[in-house]
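Have a look at the structure below before the remarks.
The values are calculated or read from the model by the stated rules, or taken from the named source; none is laboratory data. All of these numbers come straight from a predicted model, not from anything done at the bench. A quick note on method: Cβ atoms are made from the backbone with ideal geometry, for glycine too, and the neighbour counts reach across all protein chains shown.
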Amino acid sequence: MRLPFSQRLSAALHATAWLVAAGFASVLAAAPPADGISDETRALTPETHQQLAYELKLCREDLKCDAWITAFSFAPAGATVRRHAQQTRREWSGDRPGVLMAYDRATNSSAMSFSPQFWEKYPSAELVEIMQDTRRMLTDTKLTLDERIAVATRHWIDRLRVMESIRLRQSLWIQREEKPFALRLVIALAGAAVIAGILGMASRLRNSRAALRFSLPEVQVGMRLGAPYGGGVTAEIKAHANAQ
């Protein structure tokens, strides 16, 4: 029994949707590209692909993170480019710091996904601005897709490098420019401490001298000629055995 055309069309659409979803899932489950670029659209020329792969390698070394580019030509119903970027970045980078730029050629839309480590290290406003600039560059139809991907990738790589440089400079306890001032401050404080110590020692010595008192010994003297303390023997010295 032959099914009505509407049922056959519905079955065909369901089958197509399943195949598309399966293909999209296979993209997500695919192993991460060795050079950091997954170009399903074949938009990149071999020269651009090689140049971007080298620049992503330097980015990974400089920022100590994973860096990816993915471009595809289809997406299942209900799936967004942003969702695709997040899932792919998690599968490829795991718990490591990572950034991924995704582009959907069918809808001419793009998205970026940063790992939580990026949001912790850098200002959120800066990261959001990078995402907006990248989206604008990838949708600029005045350029070829090859040029758009290259320009957008180099833009966010350069921005992240600048942000990392600023973060490292701000994380130093003493800036390089502040070292001469800090050295002079340390010398001044050390000199002040020495002077304070000398003044303290002098003050303690003066106080100790002021506290000293000298008094004559008390001598028991008898009466002489009716006057007290008129005289008496205070000491007896024997010059020889028979002397008194």
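Taking every residue in region 143-163 that is free of Cβ contacts under 8 Å to residues at least 60 places away in the same chain and pairing it with any residue that is aromatic (Phe, Trp, Tyr) and surrounded by 15 or more Cβ atoms within 10 Å (Cβ to Cβ), at least 6 positions away or on another chain, the pairs with Cβ-Cβ distances below 8 Å are MET163/TYR122. Among the residues of region 50-80, the one identified as β-branched (Val, Ile, Thr) and either surrounded by fewer than 20 Cβ atoms within 10 Å (Cβ to Cβ) or part of a loop (DSSP other than H, G, I, E, B) (or both) is THR80. In the condition set (1) out of contact with any strand residue (DSSP E or B) (no Cβ under 6 Å at 6 or more places or on another chain); (2) crowded, with 20+ Cβ neighbours inside 10 Å, ALA106 is compliant with all but (2).
Counting only residues that are more than 21 Å from the chain's Cα centre (by Cα) and modelled with pLDDT of 95 or more, give me the helices (runs of 4 or more DSSP H) lying completely in region 99-187 with at least 3 of them.
Details: elements: 116-121, 124-138, 145-171.
Result: 124-138, 145-171.
Mind checking which residues of region 42-98 are touching a residue at least 24 places away in the same chain (Cβ under 8 Å), of a type outside the set (D, E, K, R) and at positive phi? Scanning region 42-98 gives no hits.
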